[in-house]
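Enquirer: Provided herewith is a single structure, encoded as structure tokens, for subsequent inquiry.
The values are calculated or read from the model by the stated rules, or taken from the named source; none is laboratory data. Bear in mind the structure is a predicted one, so any value in this text is a computation, not a measurement. Cβ sites come from the backbone with ideal geometry, for glycine too, and all protein chains shown count toward neighbours.
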Amino acid sequence: MVRLPGDKSISHRYAMLGAIAEGRTTIRGFSSAADCSSTLECLRALGVAIEQEGEAVSIGGAGLGGLQAPRQVLDAGNSGSTIRMLSGILAGQDSRATITGDASLRRRPMRRIIEPLCQMGAEIRARDGQYAPREIRGGRLRPIHYRLPVPSAQIKTAVLFAGLFAEGITTVEEELKTRDHTELALAELGAEITVRGSAVQVSGRRPLRGKEFRVPGDLSSAAFFLVAALLVPQSNLHLENVGLNPTRAALLDLLVGWGADVRVSNVESLAGELIGDLHVSGGPVEGGAIGPELVPGLIDELPVLAVLGAHSQQGLRISGAQELRVKESDRIATVAENLRRMGAQVSELPDGLEVPGRQRLRGARLDSFGDHRIAMAFSVAALAAEGESVIVGADAAQVSFPEFYDTLERVVQG
């Protein structure tokens, strides 16, 4: 039995919305990820009263207009979720704030966040027009109708968060459906939010009400253990209380479609989020193609799926995933590099990868490249490889899953 840490994406959103709600928000099962700690520290710097005891976080909501001007630069650490989504809230404050992050985050382009917030009336200055540090002068915002240029739940969230402070209705339209944790959380906190087809609308200047939440286990973290179990013959693994939000369940659909023995049980709904148990048994999978229409729902799982692809019957082709180039590392390049170090054949594409199947990986000296998902994906690859592997920078996993190696060791030892 494996119990996973709380979902990182949901934890960020509950904390940020709790900070601008009225009354107290209690979050149980809050993610232990360093990224989510960065969000809490930024909120504290904005004057939000936060108490934390283990996985329980209590937030004294400041209301829509109650955040304080920070006395220091806000530090998002390595968290793209923090800097992107919190920018939507900062845009609605009648104050000035500067937000930055670590060296990796400062290399990640942010123009896609800056442009819609400026359209709404925020004044934003960034290094070279798009990189952190980023100074945001907020104030009275106007609603917009914004069509996402690329599928991105974080851009959608930033605009919807800013829309909470605008006079009127803000609409975000997306071509491909992205994860909907923000819409569900806003509805639970009493926002006037409507989802019609591909459009999400939120009414501004309506107070939010704090409440109690329980965060499901992180499905993106579960992906590493699902793949590990599939790679190791005769495995049987049970994962408890995992988030099964349909906008995140593309991973399960894909694995079952490839012939994996993955079963779901004990499904229930909590604050609009589905939660349940997963059981997976080891065995071969077919592999196949992941195209642009599937990429938004699998973006975090693609590195470990590339590892599974090398062991699959047909191999794996990923296309339409150019967004991987601007993650914590260039994940197309870093996945290809580590697979080659393990003796695998792999072709790097501008927007993806081709990984032939039925390959036997061998132990090697691997590199996380400072990227948590690369560290964890190739820990799973090393588990199924012939010989010993060493992963340089393995502690990058702390960013999203501090307990990863302890949990993996317990699973391996049975």
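Enquirer: I'm trying to understand the selection: among the residues of region 146-173, which are assigned to a loop (DSSP other than H, G, I, E, B) and surrounded by fewer than 22 Cβ atoms within 10 Å (Cβ to Cβ)?
Expert: Residues satisfying the conditions are L148, P149, V150, P151, S152, E167, G168.
Enquirer: Looking at this structure, is D218 closer than 19 Å to L17 by Cβ, modelled with pLDDT of 95 or more and crowded, with 24+ Cβ neighbours inside 10 Å? Quick ask: steps written out before the conclusion?
Expert: Numbers: closer than 19 Å to L17 by Cβ: yes; modelled with pLDDT of 95 or more: yes; crowded, with 24+ Cβ neighbours inside 10 Å: yes.
Yes.
Enquirer: Where residues in region 60-76 are crowded, with 22+ Cβ neighbours inside 10 Å and part of a loop (DSSP other than H, G, I, E, B), which of them is nearest to the chain's Cα centre (by Cα)?
Expert: Applying the first criterion (crowded, with 22+ Cβ neighbours inside 10 Å) to region 60-76 yields 61, 67, 74, 76.
Checking the rest, the ones that are also part of a loop (DSSP other than H, G, I, E, B) come to 67, 76.
Working: L67: 25, A76: 14 Å.
Only one residue fits best here, namely A76.
Enquirer: Also: Could you check region 318-414 for helices (runs of 4 or more DSSP H) lying wholly inside it with 1 or more residues that are of a type in the set (F, W, Y), touching a strand residue (DSSP E or B) at 6+ places or on another chain (Cβ under 9 Å) and at pLDDT 95 or above?
Expert: Values: elements: 331-341, 372-383, 404-413.
Those helices (runs of 4 or more DSSP H) span 372-383.
Enquirer: Could you go through region 27-46 and let me know if any residue there is in a strand (DSSP E or B), surrounded by fewer than 17 Cβ atoms within 10 Å (Cβ to Cβ) and of a type in the set (K, R). Working first, answer last.
Expert: Taking region 27-46 and keeping what is in a strand (DSSP E or B), we get 27-28.
Add one more test, that the residue is surrounded by fewer than 17 Cβ atoms within 10 Å (Cβ to Cβ), and what stays is 28.
Filter once more, keeping what is of a type in the set (K, R): 28.
Scanning region 27-46 turns up at least one residue that is in a strand (DSSP E or B), surrounded by fewer than 17 Cβ atoms within 10 Å (Cβ to Cβ) and of a type in the set (K, R).
Enquirer: Name every residue in region 392-402 that is touching a Ser or Thr at 6+ places or on another chain (Cβ under 7 Å) and farther than 13 Å from A222 by Cβ, in order of residue number.
Expert: Within region 392-402, V392, G393, A394, A396, P402 qualify.
Enquirer: Have a look at A97, A69, A126 and point out the one that is outside the structural domain of G370 (by TED's automatic domain parsing) and out of contact with any Asp or Glu (no Cβ under 8 Å at 6 or more places or on another chain).
Expert: The match here is A69.
Enquirer: Could I ask something else about it? So which residues in region 111-137 are free of Cβ contacts under 8 Å to residues at least 40 places away in the same chain, in contact with a helix residue (DSSP H, G or I) (Cβ under 7 Å, 6 or more places away or on another chain) and within 20 Å of E328 (Cβ to Cβ)?
Expert: Residues satisfying the conditions are A126, Q130, Y131.
Enquirer: Report yes if A271 is in contact with an Asp or Glu (Cβ under 6 Å, 6 or more places away or on another chain) and surrounded by fewer than 21 Cβ atoms within 10 Å (Cβ to Cβ), otherwise no.
Expert: yes
Enquirer: Would you mind finding the one in R179, R134 that is buried (at least 18 other Cβ atoms within 10 Å of the Cβ), part of a strand (DSSP E or B) and charged (D, E, K, R)?
Expert: That would be R134, the only listed residue that is buried (at least 18 other Cβ atoms within 10 Å of the Cβ), part of a strand (DSSP E or B) and charged (D, E, K, R).
Matching residues to (1) of a type in the set (G, A, S); (2) in the same structural domain as R134 (by TED's automatic domain parsing):
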{"residue": "M1", "(1), (2)": "no, no"}
{"residue": "S32", "(1), (2)": "yes, yes"}
{"residue": "T39", "(1), (2)": "no, yes"}
{"residue": "I50", "(1), (2)": "no, yes"}
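Enquirer: Using beta carbons and a limit of 7 Å, which pairs, at least six apart or on different chains, have the first residue in region 279-294 and within 29 Å of S152 (Cα to Cα) and assigned by TED's automatic domain parsing to the domain that holds F225 and the second one among the charged types (D, E, K, R) and at pLDDT 95 or above?
Expert: A289/R317
Enquirer: For residues that are in a loop (DSSP other than H, G, I, E, B), of a type in the set (V, I, T) and under 19 Å from the mean Cα position of the chain (by Cα), scanning just region 212-251, find the one that is nearest to L302 (Cα to Cα).
Expert: Here the residue is T247.
Enquirer: Scan region 252-267 and tell me whether some residue there is in a loop (DSSP other than H, G, I, E, B), in the same structural domain as Y146 (by TED's automatic domain parsing), surrounded by fewer than 23 Cβ atoms within 10 Å (Cβ to Cβ) and among the small types (G, A, S).
Expert: Checked against the condition, which is being in a loop (DSSP other than H, G, I, E, B), in the same structural domain as Y146 (by TED's automatic domain parsing), surrounded by fewer than 23 Cβ atoms within 10 Å (Cβ to Cβ) and among the small types (G, A, S), region 252-267 yields no hits at all.
Enquirer: Same structure again: Output the number of the condition that P303 fails; it satisfies all remaining conditions of (1) surrounded by fewer than 16 Cβ atoms within 10 Å (Cβ to Cβ); (2) under 22 Å from the mean Cα position of the chain (by Cα).
Expert: Status for P303: all satisfied but (1).
Enquirer: Suppose we filter G315, G282, G243 for residues that are modelled with pLDDT of 95 or more, more than 30 Å from A34 (Cβ to Cβ), surrounded by 15 or more Cβ atoms within 10 Å (Cβ to Cβ) and in contact with a helix residue (DSSP H, G or I) (Cβ under 8 Å, 6 or more places away or on another chain); which single one remains?
Expert: One residue alone meets the criteria, G315.
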